[in-house]
Structure formats: C-alpha cells, structure tokens
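Trainee: After the structure tokens below, expect a handful of questions from me.
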Amino acid sequence: MGKPMQVAMNWASSWKETLLSLLEDLPPTLCPYIASISIDGTSATTMIIDSTTGEPLCKPFLYNESCPDALPFVTSIAPENHTVCAGSSTLSKLVSWWNSHNSDKGNAILMHQSDWLLWLLHGKLGVSDYNNALKVGYDPETESYPSWLVSQPFSYLLPTVKPPGTPIESIKEDMRKQFGFPKDCVVCTGTTDSIAAFLAAGATLPGKAVTSLGSTLAIKLLSTYRIEDSRFGVYSHRLDDKWLVGGASNTGGAVLRQIFTDDQLELLSQQINPLVASTLDYYPLPANGERFPIADPNMQPRLHPRPENDVHYLHGILESIARIEAKAFGLLKELGATEVEEVYTAGGGAKNEAWRKIRERVLGIPVRRAEHTEAAYGAALLALKGACQ
C-alpha cells in the first residue's frame, strides 16, 4: 500500500486515538462530575461504516474533498441551487462511493466524523444531528429527508437525525469504567465545527452575527428566516427555532500573509488611524475566483495601485476587506435574512484592534471580539443543553 493511501486509511484510527487521548487527559477528580458529552466535527467529513462492526468500509472523505464524478447525478435529483449541489457535499461523496463499489453495500451506513466518534462512546450506530446531515440533503425545517432523496436506492444508508445536543444513550460501561465517568453520564448528538464556534461566541438573538477572520472571511448570521442559494454558497443551518445563515468569501488572512509577515501586520496596524476612511479601493483575493458576496469563479484579485507607504497600503487592504464584509451582510439581507445588528469576531484577525474599529465604522454597527471562540466550548454548551433535558 502506498504512503498516501496509508495516511488516508489512518484518518479514522487517528481521530479515535485523539478522542481517547483527550479523555485520558481529563483530571481524574473531575470525571465523576461529568454529566454529558458532545463532539463537533468538520462539516461534510463523510464516513461509510459497516453497520455490524462500526468499522470504516473505505477511507473517510474529508470535508474539502470533491467528487465531481457524482455531481451530474446529484444535480439531476436535487432541487436547483440546493446545498447538496456541490462536489464537496456529503451527498456527492455518498453517490461517488455508491457508484464505485459493487459489493459490500448491504451492511453499509453513512456517518459523519462526529457521529462516529460519539458512537465510540454510546454504541448506537446510525445517529446524526440536523447540522451535520444538512449537506446530505436532510431538511431541518420539515425534520425529514425529502422524497427525492428517500426514493434513491442508497437511502437505506442515511442515518437517523436528531436536534444537536439531544441525549442518545448513557456512556458505554467499558468507557465509563475506563475514564471514571458517572453511571448517568449521557452522550448527546453533536454538530459541525463552525456551528460549535458560533455557539461558543454567545450570539443568541436574531441579528447577531459572527465573522471569522481566518484564512478566509466566513460569516454566520442568526436569522428568523431561512435562506439558501448555492450560487453564492449561502445556506442555513437550523438552531432551535432560528436559522444560522452562512457564507464565506475567499478574502481574508491568506491574502494578507502573501504580502506581510505577522510582525509587519502588527507593527503597521498600530500606525493606522481607523477613524479615517482609506481612499484605496481593492478586492483582496489570494488567487483568482470568488463566491460570496460575488459569485465569479474567474474574478481576479485587485491589489493595485500600491502606495509607497506600507501603512497606507495595509489600511487600504483592511478597509477593502471590511467593505466586502459589509457587502456580504447586505447580500444576506437582500436574500431575505434578518438584518445584522451586531458582529462578534473570531479567528486570528480578531486580535487586530485597528481592523475591528475600521470594520465597526464601515459596517455602522457594534463589532466586538468574541470572548470564547473555540468550537470545543460550543460543543460543551450543547452537552450542557443535553444534560438539562
């Protein structure tokens, strides 16, 4: 077996070892007081599992893997502009596996990364949550799989779906004894990493949003209305009786790092006056192509003219990214989402105070740094919710 395939096959065992290692690291004095457990995982990380053993039948499909071979079929059965109409969707991965495997399908079941890791703790195969199941085609509004999906020959692989943070089972006895958890410790359904990070930020009311300034600029807005538009990569996750509307631009930290070092960014940012608007008009992208708030796969980066003064140049780039963020919130409103009223910031860019003030001025609403940004904190909040049910 070649090395790349070996690494791919080892993903599942690596995740399992990491989970057990994390549980091992819990202080023994705290374990008897742990009432519930939940886990977040990367969206659209897809596993095909043997329903009799719980072992993977093939290598996991990672979140960013694309299956263009399945896309013509997926787009032929799904409604136009549906979330599953992307090569990287869970459904595309399932169809690709189905078409390439002629045997060993009878005992197969689809699970997401966090579903499988939670199964290791509770032992009940085939349970997922409606955040993870969105990209396989589950409709969180009707709380069911649509007829166009149920009618497919592979529909028996689809997991049972529950709301995130729903108790599934008490922790398995062997796991309970190994780590010293109490007998009534429950394992709850999980969510995706981006939803967990949103929950961690503490944005709980419609109109509150979280912008993650990492390599890209990712926006999530809590809305009373659901919106979907695959042209812009916009889709809605259900959060109780509200909708978490999201989209991601290719602008962000990756393009900044192509031009400046971290030390330069820190030093130059301190010299920017964030209360004064920059007259420079850029569209910073690390490479050709943009999806949100402008859907143009051939869009070219615009980072010129470059002034001699690097402080002015950085100011122009940061202000231009802020304008893209404003345009993104404007598009969400046009598509029917609740209007944004306040933004919490997560990711590496959240540390840049000058940028926060620029964004606050450009957006015209309060922009704060999120107190908690770790997805694990959001997963713990879901576990808390499950413990209280």
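The values are calculated or read from the model by the stated rules, or taken from the named source; none is laboratory data. All of these numbers come straight from a predicted model, not from anything done at the bench. Heads up, the Cβs are rebuilt from the backbone with ideal geometry, glycines too, and the neighbour counts pull from every protein chain shown. In case anyone asks, the SASA skips ligands and DNA or RNA and just uses the protein heavy atoms, side chains included. Shrake-Rupley method; radii C 1.70, N 1.55, O 1.52, S 1.80 Å.
Trainee: Pull up the cross-link candidates among the lysines for Lys177, meaning alpha carbon to alpha carbon under 30 Å and not fewer than 8 places away within one chain.
Mentor: In chain and number order, the partners are Lys16, Lys124, Lys162, Lys385.
Trainee: Express in nm, to one decimal, how much length is gained between Ile259 and Gln389 on full extension, taking 0.36 nm for each residue of separation and deducting their alpha carbon distance.
Mentor: 41.8 nm
Trainee: In addition: By how many nm would the segment from Asp69 to Tyr33 lengthen if fully extended, with 0.36 nm per residue of separation less the alpha-carbon distance?
Mentor: Gain in length upon complete extension: 8.1 nm.
Trainee: Please compute the modelled spin-label separation between Gln271 and Asp241, points set 7 Å along Cα→Cβ, answer in nm with one decimal.
Mentor: The two pseudo-label positions are separated by 5.4 nm.
Trainee: Could you tell me what percent of the accessible area of region 205-371 is made up of carbon and sulfur, with a 1.4 Å probe and every protein chain present?
Mentor: Carbon and sulfur atoms account for 48 percent of the accessible area of region 205-371.
Trainee: Another one. As a test question: what accessible area, to the nearest 10 Å², does Thr160 have when a 1.4 Å probe is rolled over all protein chains in place?
Mentor: Roughly 80 Å² of Thr160 is accessible to a 1.4 Å probe.
Trainee: Rounded to the nearest 10 Å², what accessible area does Trp98 have for a 1.4 Å probe in the complete protein model?
Mentor: Roughly 50 Å² of Trp98 is accessible to a 1.4 Å probe.
Trainee: Could you work out [θ]222 nm for the chain from helices alone, using -39500 (n - 2.57) per DSSP H run of at least four and dividing by all its residues? Round to the nearest 500 deg cm²/dmol.
Mentor: Roughly -10000 deg cm²/dmol at 222 nm, from the helical runs in the chain.
Trainee: Given axes a ≥ b ≥ c from the Cα gyration tensor, I'd like to know whether region 223-382 is rounded (a/c under 1.5), prolate (a/b larger than b/c) or oblate.
Mentor: prolate
Trainee: Amide H to amide H under 5 Å from Asp139: which residues, 5+ apart in sequence or cross-chain, H placed 1.01 Å off N in plane?
Mentor: For Asp139, the qualifying residues are Ser144, Tyr145.
Trainee: Treat every Asp and Glu Cβ in region 205-371 as -1 and every Lys and Arg Cβ as +1, leave all other atoms uncharged, and give the resulting dipole magnitude about the Cα centre to the nearest 20 debye. Don't skip to the end; give the middle numbers.
Mentor: On the way: 20 positive and 21 negative charges, 43 e Å.
The calculated dipole for region 205-371 is roughly 200 debye.
Trainee: I want to check the label-to-label distance for Tyr156 and Arg361. Put each point 7 Å from Cα in the C-beta direction and report it in nm to one decimal.
Mentor: 6.4 nm
Trainee: Taking R0 as 25 Å, what FRET efficiency do you get between Arg368 and Tyr225 from their Cβ-Cβ distance, rounded to the nearest 0.05?
Mentor: Efficiency, from the Cβ-Cβ distance: 0.55.
Trainee: Please identify which residues in region 167-203 have an amide N closer than 17 Å to a label point set 7 Å out from the Cα of Glu353, following the Cα→Cβ vector.
Mentor: Taking a point 7 Å out along Cα→Cβ of Glu353, no residue of region 167-203 has its backbone N under 17 Å.
Trainee: With all protein chains present and a 1.4 Å probe, how do Glu266, Glu80 order by accessible area, largest first?
Mentor: So, going from the largest accessible area down, we get Glu80, Glu266.
Trainee: Keeping every protein chain present and rolling a 1.4 Å probe, give me the accessible area per residue for region 205-371 in Å².
Mentor: 46 Å²
Trainee: Quick one: pull the percent of accessible area on region 84-160 belonging to carbon and sulfur, 1.4 Å probe, ligands and nucleic acids left out.
Mentor: On the way: 1130 of 2490 Å².
Roughly 45 percent, rounded to a whole number.
Trainee: Could I ask something else about it? Using θ = phi - 60° and the Karplus curve 6.51 cos²θ - 1.76 cosθ + 1.60, what whole-Hz ³J(HN,Hα) does each residue of region 175-183 get, with Gly and Pro shown as x?
Mentor: Whole-Hz 3J(HN,Hα) from phi for region 175-183: 5, 4, 5, 4, 10, x, 7, x, 5.
Trainee: Given a Förster radius of 56 Å and the C-beta distance between Thr18 and Ile294 as r, what FRET efficiency does 1/(1 + (r/R0)^6) yield to the nearest 0.05? Write down the numbers at each step before the final one.
Mentor: Numbers: r = 38 Å, r/R0 = 0.68.
About 0.90, to the nearest 0.05.
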